[in-house]
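To start, the structure itself, in structure tokens.
The values are calculated or read from the model by the stated rules, or taken from the named source; none is laboratory data. Keep in mind it's a predicted model, so treat the numbers as computed, not measured. We place every Cβ from the backbone using ideal geometry, glycine too, and count neighbours over all the protein chains shown.
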Amino acid sequence: RLGENRAKVERMFGLMDRFLKNDPATLQNDIVNHVEYTVARSRFSFDDFEAYQALTHSVRDRLIERWHDTQICFRRKDPKRLYFLSLEYLMGRSLSNSVINLGIRDQYADALSQLGFDFEVLAEQEGDAALGNGGLARLSACQMDSLATLDYPAWGYGLRYQYGLFRQVILDGYQHEQPDYWLNFGNPWEIERIHVTYTVKFYGTVEEENFKGGKHKVWVPNETVEAVAYDNLIPGYGTRNTITLRLWAAKPSDQNDMESYNTGDYINAVVNRQRAETISSILYPDDRSHQGKELRLKQQYFFVSASLQDIIRRFKDTHSNFDDFPEKVALQLNDTHPSLAIAEVMRVLVDEENLSWSRAWDISCKIFTFTTHTVLPEASEKIPVDLLGSLLPRHLQIIYEINFRFLEELKKRIGLDYDRLSRMSIIEEGAVKSIRMANLSIVCSHTVNGVSKMHAELLKTRVFKDFYELWPHKFHYKTNGVTQRRWVVVSNPSLCALISKWLGTEAWIRDMDLLVGLQEYATNGDLHEEWKMVRKVNKMRLAEYIEAMSGVKVSVDAMFDVQLKRIHEYKRQFLNILGIIHRYDCIKNMEKKDRRNVVPRVCIIGGKAAPGYEIAKKIIKLCHAVAEKINNDPDIGDLLKLVFIPDYNITVAELVIPGADLSQHLSTAGHEASGTGCMKFLMNGCLLLATADGSTIEIIEEIGADNMFLFGAKVSEVPVLRKKAPNLKVPLQFARVVRMVRNGYFGFEDYFESLCDSVEVDNDFYLLGADFESYLEAQAAADKAFIDEEKWTQMSILSTAGSGRFSSDRTIDDYAEKTWGIERCRCPA
Ligand code: 7GP
């Protein structure tokens, strides 16, 4: 048999011959063949979209080769693997990123242009994959890129939602949500694995069986659903390594409904089966609260169960003793959304693999690591006990058992301090008895990470104080980072080329610390000229986009001032708008001759509001109402424009960020766990106007406070100000601009009433009034700096030069070494 096998392998090698080549003729041949045989269009007649599809398939072939090699390499070396569990990924487009990471962007561009196509035009055909909400989801995507680039043996797991994050449509200035059926035009980037399926169980009862002289729990479910794997290939940059992001889709299970088939209600039985697919059909669009929804809980368990079956199957391929599990497996919980994995691992080990409770618990505590992404109490997940008990009865028992044992231990440590015991309990008693997912995650994880230095401090001193005092060794932080491949190389090719030219190397694309080399040229006149030119071209591109999308013509000589992020009260887009109203008001009240001194601004705001978040939606409407007034005021002209960019997503960010002069990060200090948008702007040479919050505190350490425009209360001052709140002195200008909104200067006064109420002195939780004066001062400083072109350009260069620390490569290396205990495993060239 061995000889037979060898002969087969040799025959296969003979057929394969060599890897796909990347010369223009081969690429053209491949593309045209895909037009004909994959897309099934004639090679004599196909349009841009079909060309895009064929192009994508030829890129995918090349990804597959590397991916196979990577998987073989991982299997041979059998390193400890990282499994990254996240319910959300914001991948955006894949084409440019893939060909750049494969190192064949230019070859493709040449090949296409000889065929009469423009690479950039075809790239525009791609949709935006938005299987996530905001910061947490984009962070997952950046981290996947770094894991692949740094050769870590890692797998991402998630859900393949049929509907991604809603599309934001603006009608009369109001946000409307439209479903994002992103798979409508097919998704050439994924590989359906019809043979990689697992059965996921729900509902039912827990029975007891006699087993080896004792009792054994058996979960008898009464609904099952199939999870089918869809693999998305993640290529590293400057390496052959290509890793897997495996997303699960729900499909009806064959075992269901035998009864209804037998009773003859065939049509209804089929319709019922179809319902199984709803589990993976829709992404929840709210990033703050997910309380008590059965479908959400089903999604979480569906994803966790399928992923763990896959992970355990892979482990068992080569290992038989679960004591080795922690040497081979690290399970990363991306916030609490996948935390049911803890109960599921315990269930599998105890009920199915027959390990003792204590052995199973010991193993679990060595594999889980947990990162939390928020400080907002309303975002912390709680699952009603009744809901969990009905959907996953065995898991509820397990969580109770974990909690019982934890509390017993805790009593030994801290005595009968019932207040503290009840705060730390995994179960929250109260009107609705619920499971605190964060507590469960902390109890079982060996490491709990925050996402910035400040965040970690708040976790230790406020959010998880009790746990920190119990287990100080568990608490750490890894300041977030973003991938420079996506956020500079793909989205800002001219800046990328400029940086490489001045550094004399492209090595910074894998080693961002090299960017400090730019400091040396921060005052170099030649670099200044080239830098300004690159920035201007990016601004022109953005200005065209703004005009096409909103009809507003903007001058590229104005300062482009941008705030892009989810709309939240704590992120204070309202503060930005009130500042704009103030600016407008000042210009209106100025003598004509003084207007010459005004620094022209184009204010750009973009972001989605969760569909049920009323105040956030009012902020969007206010932005439009104010824009309507300002943009049509002949008194104002180019001195001030306000545009709202609709349907903000990754693709839009790639266009807007490189064209921004100034970006705003206005969260009330102590509320933004980290923030990653600021890092993208920073890399692109955009100056920041920000509060000292989350990661901006560390940006200050890197580039210096005099290289940005800081304002507002510090983290430690916020609670003090809140205490003083009703007696705080609010600046007159603030009262004036709020009054303008309240009195209907921009119309819709009834609609804006509650928005205005939310910043009244005794109600102003996010301290817009208290920070207003300092905000205006920072804005004035930005205006002043902008007039001095040389100064501004120097600050811009120094921003890029100081952004090295904010690469996700640094974050991932740190996680690998200190949290996951994994090592690089490079696939040979
Ligand atoms: C966000 C945080 O708000 C942001 O500060 C951070 O940079 C980002 O995660 C990545 O760590 N959080 C979310 O997007 C989120 O959904 C709820 O938090 C758990």
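Some notes on this structure:
- Residue 332 meets each of the listed conditions (1) within 16 Å of the ligand (Cβ to nearest atom); (2) surrounded by fewer than 20 Cβ atoms within 10 Å (Cβ to Cβ) apart from (2).
- Test: residue in the stretch 532-549 that is in contact (Cβ under 8 Å) with a residue 40 or more places away in the chain and more than 29 Å from the chain's Cα centre (by Cα): yes
- Only one of the numbered conditions (1) under 21 Å from residue 87 (Cβ atoms); (2) assigned to a helix (DSSP H, G or I) is violated by residue 327, and that is (1).
- For the stretch 668-677, the set of residues classified as more than 8 Å from the ligand (Cβ to nearest atom) and polar (S, T, N, Q) consists of 668 only.
- Which numbered condition residue 504 misses (of (1) closer than 30 Å to residue 367 by Cβ; (2) out of contact with any helix residue (DSSP H, G or I) (no Cβ under 6 Å at 6 or more places or on another chain); (3) more than 16 Å from the ligand (Cβ to nearest atom)): (1)
- Among the residues listed as 680, 714, 724, the single one being within 15 Å of the ligand (Cβ to nearest atom) and either out of contact with any His (no Cβ under 6 Å at 6 or more places or on another chain) or closer than 30 Å to residue 137 by Cα (or both): 680
- Cβ-Cβ under 6 Å pairs, at least 6 apart or on other chains, the stretch 621-649 side under 18 Å from residue 549 (Cβ atoms), far side modelled with pLDDT under 95: 643/550
- Residues being in a helix (DSSP H, G or I) and away from the ligand (no atom under 16 Å from the Cβ) - total across the stretch 431-451: 2
Quick grid of which residues meet (1) aliphatic (A, V, I, L, M); (2) buried (at least 16 other Cβ atoms within 10 Å of the Cβ); (3) more than 30 Å from the chain's Cα centre (by Cα); (4) modelled with pLDDT of 95 or more:
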| site | (1), (2), (3), (4) |
| --- | --- |
| 394 | no, yes, yes, yes |
| 414 | yes, no, yes, yes |
| 431 | yes, no, yes, no |
| 434 | no, yes, no, yes |
| 441 | no, yes, no, yes |
| 448 | yes, yes, no, yes |
| 464 | no, yes, no, yes |
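- Residue within the stretch 154-162 that is within 16 Å of the ligand (Cβ to nearest atom) and either of a type in the set (S, T, N, Q) or more than 26 Å from residue 673 (Cα to Cα) (or both) present: yes
- Top-ranked residue in the stretch 363-397 [being away from the ligand (no atom under 16 Å from the Cβ) and β-branched (Val, Ile, Thr); ranked as nearest to residue 475 (Cα to Cα)]: 367
- Residue 712 more than 21 Å from residue 566 (Cβ to Cβ), in contact with an Asp or Glu (Cβ under 9 Å, 6 or more places away or on another chain) and small (Gly, Ala, Ser): no
- Filter result (modelled with pLDDT under 95 and of a type in the set (A, V, I, L, M, F, W, C)) within the stretch 1-41: 2, 7, 9, 12, 13, 15, 16, 19, 20
- Scope the stretch 118-133; condition surrounded by 23 or more Cβ atoms within 10 Å (Cβ to Cβ) and within 16 Å of the ligand (Cβ to nearest atom); matching residues: 130, 131, 132
- Residues located in the stretch 84-99, provided they are within 16 Å of residue 243 (Cα to Cα) and in contact (Cβ under 8 Å) with a residue 60 or more places away in the chain: 84, 85, 86, 89, 91, 94, 97, 98
- Going through (1) in contact with a strand residue (DSSP E or B) (Cβ under 9 Å, 6 or more places away or on another chain); (2) in a helix (DSSP H, G or I); (3) within 16 Å of the ligand (Cβ to nearest atom) one by one, residue 315 falls short only on (3).
- Residue 354 satisfies every condition listed in (1) more than 19 Å from residue 301 (Cα to Cα); (2) touching a Phe, Trp or Tyr at 6+ places or on another chain (Cβ under 7 Å); (3) surrounded by fewer than 18 Cβ atoms within 10 Å (Cβ to Cβ) except (2).
- Residue 793 vs. criteria in a helix (DSSP H, G or I), at pLDDT 95 or above, farther than 24 Å from residue 671 by Cβ and touching a Gly at 6+ places or on another chain (Cβ under 6 Å): no
- Residues in the stretch 318-349 that are in contact (Cβ under 8 Å) with a residue 40 or more places away in the chain and charged (D, E, K, R): 323, 327, 328, 335, 344, 347.
- Residue pairs meeting the criteria (Cβ under 8 Å; at least 6 apart or on separate chains; first in contact (Cβ under 8 Å) with a residue 40 or more places away in the chain and more than 9 Å from the ligand (Cβ to nearest atom), in the stretch 136-149; second among the hydroxyl-bearing types (Ser, Thr, Tyr) and assigned to a helix (DSSP H, G or I)): 142/808; 143/808; 143/811; 145/808; 146/808; 146/811
- Residue 113 assigned to a helix (DSSP H, G or I), small (Gly, Ala, Ser), at pLDDT 95 or above and within 30 Å of residue 328 (Cα to Cα): no
- Of all positions in the stretch 601-610, at least one carries a residue that is of a type in the set (Lys, Arg) and under 20 Å from residue 638 (Cβ atoms).
- Pairing each residue of the stretch 114-126 that is closer than 23 Å to residue 92 by Cα with any residue that is surrounded by 15 or more Cβ atoms within 10 Å (Cβ to Cβ) and of a type in the set (Lys, Arg), provided the two are 6+ apart or on different chains, yields C-beta distances under 6 Å for 126/93.
- From 401, 408, 428, residue being closer than 25 Å to residue 284 by Cα and away from the ligand (no atom under 16 Å from the Cβ): 428
- For the stretch 761-777, a residue qualifies if it is surrounded by 15 or more Cβ atoms within 10 Å (Cβ to Cβ) and either under 17 Å from residue 584 (Cα atoms) or modelled with pLDDT under 95 (or both), and the qualifying residues are 761, 772, 773, 775, 776.
- Unmet requirement for residue 733, which otherwise passes all of (1) surrounded by 15 or more Cβ atoms within 10 Å (Cβ to Cβ); (2) among the polar types (S, T, N, Q); (3) out of contact with any helix residue (DSSP H, G or I) (no Cβ under 6 Å at 6 or more places or on another chain): (3)
- The set of residues from the stretch 794-829 being in contact with a helix residue (DSSP H, G or I) (Cβ under 9 Å, 6 or more places away or on another chain) and aromatic (Phe, Trp, Tyr) comprises 806, 815.
- Residue pairs whose Cβ atoms lie under 9 Å apart, sitting 6 or more positions apart in sequence or on different chains, and linking a residue in the stretch 358-385 that is closer than 30 Å to residue 610 by Cβ and in a helix (DSSP H, G or I) to a partner that is within 15 Å of the ligand (Cβ to nearest atom) and among the basic types (Lys, Arg), are 378/288; 379/288.
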